[in-house]
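One structure below.
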Amino acid sequence: MDIKKTGFYEIHKKLNAKVVEFAGYYMPIQYKGIIDEHKRVRTTVGLFDVSHMGEFVVRGSNAEVFLQNLTINDVSQLQDHQVQYSAMCYEHGGIVDDLLVYKFPNYYFMVVNAANLQKDWEWANKNILPNVKLENISDDTSLLALQGPRAESVLQKITDIPLSDIKYYWLSEGKVAGVEMIVSKTGYTGEPGFELCFPRKHSENIWEKIMKAGEEFNIEPIGLGARDTLRLEMKYCLYGNDIDDTTNPLEAGLGWITKLNKGDFIGHNAISRVKEKGVERKLVGFELQDRAFPRHNYKIKKGDRQIGHVTSGTFSPILEKGIGMGYVTKENADTGSEIEIEIRNKNVPALVVKTPFYKH
């Protein structure tokens, strides 16, 4: 399989980023270092290339009906220029992917995870309805995330869009640095910021204009390594780690996007059964009590007994301690529950905590 390059690949190389193959793309994992980049986003502003994500356009008279059946959130509640966090499930209730749905006056737009792009495209087409047209524009589209407390100050310098008027999980359309694009107040870091979606041919020009506008705020390019630690401090799920086709949205804490009362959709019956019966395991956040940090798939224990497994773990640059997420049996899921993480054959004490880990 040919590994793809985003429209910013040459810039990453020029900046001496550590570039690796990720989800079929050459992507920057870090530039200066994960901890420095993480703190930059928490304190001022950082710019991420997230063009590896997938973008599908959904048009036609049946577009809403199609998306209502395909996704678990209630698409009918969306107003024009609103964005919705959602997921697609299989009939057995396992998660195909988590995604964003954007509503425009004449069409919808889906942003899906890079690693699931082909699978999602096939799943959507398998469940297509008459009078629905799907278009995969991923290869021709660039996506940048500008995140941090100074994101709005940076972007406002190069656009006439009144950014402060855009509410959280809403979008606007207009010109940034002379280029027509979608500007949404979304992101994966827990900081205020924007995601910019525009034609790939403008990639380098837009990157340079944003970096120039951000100089006075000490803007820096940020890699996927810091994107991961930032999202983990917020307990945002990562597909392939915290959720997958064996995960029911209710046990993953995604009941808030699962609208069982909206009518039938793919996975509705299986998820309803779990709701009636109650979940047997829950995704929790925990902090380590010792100076160690957890990793994906480490065992979660109570004495000699395994009660779950770690799905994501890291050293939190802001809290300066090991934090993680994992599934545990429901009787061990309450805030304050004492658990242990097996690290190199030693049980390290941990505490189930209220999330997000990072609070402004």
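The values are calculated or read from the model by the stated rules, or taken from the named source; none is laboratory data. The shown structure was predicted, so the numbers you read here are calculated from the model rather than taken from an experiment. Neighbour counts are summed over all protein chains in view; Cβ atoms, including those assigned to glycine, are modelled from backbone coordinates with ideal geometry.
Within the range 348-360, restricting attention to residues that are surrounded by fewer than 19 Cβ atoms within 10 Å (Cβ to Cβ) and modelled with pLDDT of 95 or more, the residue that is farthest from the chain's Cα centre (by Cα) is 349. Selection of the range 317-359 for residues being in contact (Cβ under 8 Å) with a residue 40 or more places away in the chain and more than 16 Å from residue 284 (Cα to Cα) yields 317, 318, 319, 342, 343, 347, 348.
Listed by position, the strands (runs of 3 or more DSSP E) enclosed by the range 101-156 that each have at least 2 residues that are over 22 Å from the mean Cα position of the chain (by Cα) and modelled with pLDDT of 95 or more are 133-136. The residues on offer are 241, 248, and the sole one that is surrounded by fewer than 22 Cβ atoms within 10 Å (Cβ to Cβ), at negative phi, in the same structural domain as residue 188 (by TED's automatic domain parsing) and assigned to a loop (DSSP other than H, G, I, E, B) is 241. Put simply, of 222, 266, 307, 323 the only residue that is closer than 27 Å to residue 65 by Cβ and either β-branched (Val, Ile, Thr) or not assigned by TED's automatic domain parsing to the domain that holds residue 97 (or both) is 266. Taking helices (runs of 4 or more DSSP H) as the structural unit, those lying wholly within the range 1-77 and holding at least 1 residues that are in contact with a Lys or Arg (Cβ under 8 Å, 6 or more places away or on another chain) correspond to 63-70.
Among the criteria (1) modelled with pLDDT under 95; (2) surrounded by 15 or more Cβ atoms within 10 Å (Cβ to Cβ); (3) out of contact with any Gly (no Cβ under 8 Å at 6 or more places or on another chain), the one residue 301 does not fulfil is (1).
Can you find a residue that is under 30 Å from residue 5 (Cβ atoms), part of a strand (DSSP E or B) and in contact with a Phe, Trp or Tyr (Cβ under 6 Å, 6 or more places away or on another chain) anywhere in the range 180-196? Yes, some residue in the range 180-196 is under 30 Å from residue 5 (Cβ atoms), part of a strand (DSSP E or B) and in contact with a Phe, Trp or Tyr (Cβ under 6 Å, 6 or more places away or on another chain).
Tell me yes or no: at least one residue of the range 14-23 is of a type in the set (Asp, Glu) and in contact (Cβ under 8 Å) with a residue 24 or more places away in the chain. No.
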